[in-house]
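The values are calculated or read from the model by the stated rules, or taken from the named source; none is laboratory data. Not measured: the values here are computed from a predicted model. Neighbour counts run over all protein chains shown; Cβ positions are idealised from the backbone, glycine included.
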Amino acid sequence: MEEEEEAEEQQRFSYQQRLKAAVHYTVGCLCEEVASDKEIQFSKQTIAAISEMTFRQCENFAKDLEMFARHAKRSTVNTEDVKLLARRSNSLLKYITEKNEEIAQLNLERKAKKKKKSEDRNKNSRESAEDGEVENEN
Amino acid sequence: MEGAGFRKELVSKLLRLHFRDGGTRVSGDALQLMAELLKIFVTEAAVRGARQAQAEDVALVGVDQLEKVLPQLLLDF
């Protein structure tokens with residue numbers, strides 16, 4: 001029994017390591033953007049430190065988000081919960097709220113495009129059926 | 001949303017790692033918004049570190065500079 005628990009622990013540990021590596025990669029890319037913008041360099045230790053901090057901060061974020069959703073009697077975390085996370089700084093909250101509207105708008109446009117595409121497809125297949133062309137089997 | 005950023009899949013895994021309830025899910029929009037939040041977190045750390053290095057007139061952002069901006073960063077989040 002103990003061996004099973006140990007194996008589980010090992011699995012969780014190596015899974016965490018893989019996630020940390022993925023975070024580290026993204027953090028490196030973002031720091032590179034700042035570095036070229038500000039014409040300055042980041043030491044490897046700094047990038048590693050920011051990466052570690054970000055990973056740890058995710059734990060706080062996750063637990064808070066889960067609690068916010070549960071408080072609202074939901075099992076799915078939504079954007080209102082994320083906005084609550086950003087409450088500590090006014091400028092952060094403002095930025096996140098604006099981003100939320102951008103995202104919502106983009107998704108609306110994408111849905112409208114998809115709908116129009118399938119409508120056009122239906123229209124075309126109906127027209128070719130009327131012309132008496134041979135239809136392909138679906 | 002140009003440049004580097006956190007992929008939705010990665011954000012989802014990061015959050016689910018720490019959820020206490022197996023039934024907790026995250027909506028697609030919330031994942032996208034969280035990706036933005038994480039991007040800001042990292043960018044703020046980097047930019048504030050860079051500003052500190054510039055104020056100290058050093059060409060490299062080392063952990064000494066990062067340490068000085070950490071407290072305020074964590075308070076802001």
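Looking at segment A:37-57, is at least one residue at the interface with chain B (Cβ under 8 Å from one of its Cβ atoms), exposed (fewer than 15 other Cβ atoms within 10 Å of the Cβ) and in a loop (DSSP other than H, G, I, E, B)? Scanning segment A:37-57, I find no residue that is at the interface with chain B (Cβ under 8 Å from one of its Cβ atoms), exposed (fewer than 15 other Cβ atoms within 10 Å of the Cβ) and in a loop (DSSP other than H, G, I, E, B), so the answer is no.
All of B:42, B:63, B:26 fail the test of being crowded, with 19+ Cβ neighbours inside 10 Å, β-branched (Val, Ile, Thr) and either over 13 Å from residue A:54 (Cβ atoms) or more than 7 Å from chain A (Cβ to nearest Cβ) (or both), apart from B:26. Only one entry of A:59, A:102 meets the criterion of being at pLDDT below 95, within 20 Å of residue B:43 (Cα to Cα) and acidic (Asp, Glu), and that entry is A:102. Among the residues making up segment A:1-32, those that are of a type outside the set (A, V, I, L, M, F, W, C) and more than 20 Å from the chain's Cα centre (by Cα) are A:2, A:3, A:4, A:5, A:6, A:8, A:9, A:10, A:11, A:12, A:14, A:32. Sort through A:83, A:94, A:111 and tell me the only one that's buried (at least 16 other Cβ atoms within 10 Å of the Cβ) and assigned to a helix (DSSP H, G or I). It is A:83.
Looking only at residues in segment B:39-64 that are in contact with a strand residue (DSSP E or B) (Cβ under 6 Å, 6 or more places away or on another chain) and in a helix (DSSP H, G or I), the one that is nearest to residue A:56 (Cα to Cα) is B:49. The residue that is farthest from residue A:31 (Cα to Cα), among those in segment B:9-23 that are charged (D, E, K, R) and at the interface with chain A (Cβ under 8 Å from one of its Cβ atoms), is B:21.
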